[in-house]
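Only one structure is covered here, and it is reproduced in the block below.
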Amino acid sequence: MKKTLFSSLIATAILVTSQAAMAENAPKTVNIGYQKANIFALLKYRGTLDDDFKKQGIAVRWVEFPAGPQMLEGLNVGSIDLAATGDAPPAFAQAAKADLVYLAHSPANPKTEAIVVPENSTIKNVADLKGKRVALNKGSDVNYLLVSALEKAGLSYKDITPVYLPPADARAAFQRGAVDAWVIWDPYYAEVETNAKARLVKNAEGLVPHYTFYLASRKFAETWPETAKKVVDELGSLSDWANKNPAETAKILSTSTGLPQPIWQRALARMPFGAERMTPEVFKEQQALADKFSQIGLLPVKVDVSSATWSLDKKQ
């Protein structure tokens, strides 16, 4: 009896010591930036990460941002620890000396961004954009799509007139005919297809891979590597669930964004979720993006993308 009691006390002491060690090796709060339409919004609404971290004594603070560039500014100044954006914002953040690291990436999803025109437009292909006014969000993923599409069609960025507008303003300009074309991503792409019968000129297939990147401040990722890895693992589990349950995913993202579920169902049909660790090939593709933006003058300096490799990946 005494031996059993002694063993029980030892086991309890080990458990308490283990929990204390975990608490010492984990932050008290994790600050996560999200946009209403991205995977972190899905993670926030499902609550699985909050529940798991709560068991470890970690609180999750969700901070909403209107777009990737602003989110990475938040990462740079320390108001958030983690973020998810498309391809372009990390390159611009690195150019601005943001000390970030790439934790992981989604599968390539080139069908989720596109150059669209009004249904009755005379523009039939990318070459027809010459001399036209094209709306886009400056420094966004679709900026890279537009540059790549123009080059493949034998044109340069100087052959069109870029009209830099955030999605809501670009949507209004597209509706009233103030621009000839719009380069946009889902779910805005699905919305303008559905409600304005926008016609596809070219998506990113065969041009650029288009990833979502999961990013962290270097300080956070180096100080709390197991916590950062846990977030990546949680994103992987969430992705598996979302890919298998598109109707429920559409419902959650509809609640988050205010866009009707059918629009989200349309977007999700071409939007694979996932969380894969970075590879040299993906870094190479991201470097090509940064070099192209430097070449056309959108990035003021050359960026070494691989300098944002997470130390956990360097050890592998």
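Any read-out appearing in this document is the output of simple, stated calculations on the displayed coordinates, not a laboratory observation. Since this is a predicted model, take the numbers as computed values, not measurements. All Cβ positions, even for glycine, are placed from backbone atoms using ideal geometry, and neighbour counts span all protein chains on display.
The figures follow:
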| read-out | value |
| --- | --- |
| Separation in nanometres of the label points that stand 7 Å from Cα toward Cβ, at Ser156 and Ala168 | 3.7 |
| Point-to-point label distance, Thr223-Ala67, nm (Cα→Cβ direction, 7 Å offset) | 3.0 |
| Amide proton proximity set for Thr212, modelled H, under 5 Å, gap of 5+ | Ser106 |
| Phi-based couplings in Hz for the stretch 84-101 (Karplus 6.51, -1.76, 1.60; Gly and Pro marked x) | 10, 9, x, 5, 6, x, x, 5, 5, 5, 5, 4, 8, 6, 5, 8, 10, 9 |
| GNM top mover of Ala216, Ala172, Ala250 - the chain, alpha-carbon springs below 10 Å | Ala172 |
| Cβ-Cβ FRET estimate between Ala196 and Asn25, R0 fixed at 35 Å, reported to 0.05 | 0.10 |
| The stretch 215-279: C-alpha gyration tensor shape, a/c 1.5 cut-off, then a/b vs b/c | prolate |
| For the stretch 125-282: lysine pairs under 25 Å (alpha-carbon distance), excluding those fewer than 8 apart on one chain | 20 |
| Acute angle (nearest 10 degrees) that the helix 246-257 long axis makes with the longest principal axis of the chain, alpha-carbon atoms | 80 |
| Rounded, prolate or oblate (a/c below 1.5 giving rounded, otherwise prolate when a/b exceeds b/c) for the stretch 110-203 by Cα gyration tensor | rounded |
| Efficiency of FRET from Cβ geometry, Lys97 and Ala269, R₀ 25 Å, rounded to 0.05 | 0.05 |
| Order by protection proxy (mean Cβ within 10 Å, highest first), peptides 114-123, 52-61 | 114-123, 52-61 |
| Theoretical gain in end-to-end length, Asp50 to Val77 [0.36 nm per residue, Cα-Cα removed] | 7.3 nm |
| Two-site label geometry, Lys284 and Thr122: point separation in nm, points 7 Å out along Cα→Cβ | 4.4 |
| Rg to Rh, two decimals, where the chain supplies the alpha carbon set and Rh follows Kirkwood | 1.05 |
| Residues Tyr45, Tyr214 arranged by fewest to most Cβ contacts within 10 Å | Tyr45, Tyr214 |
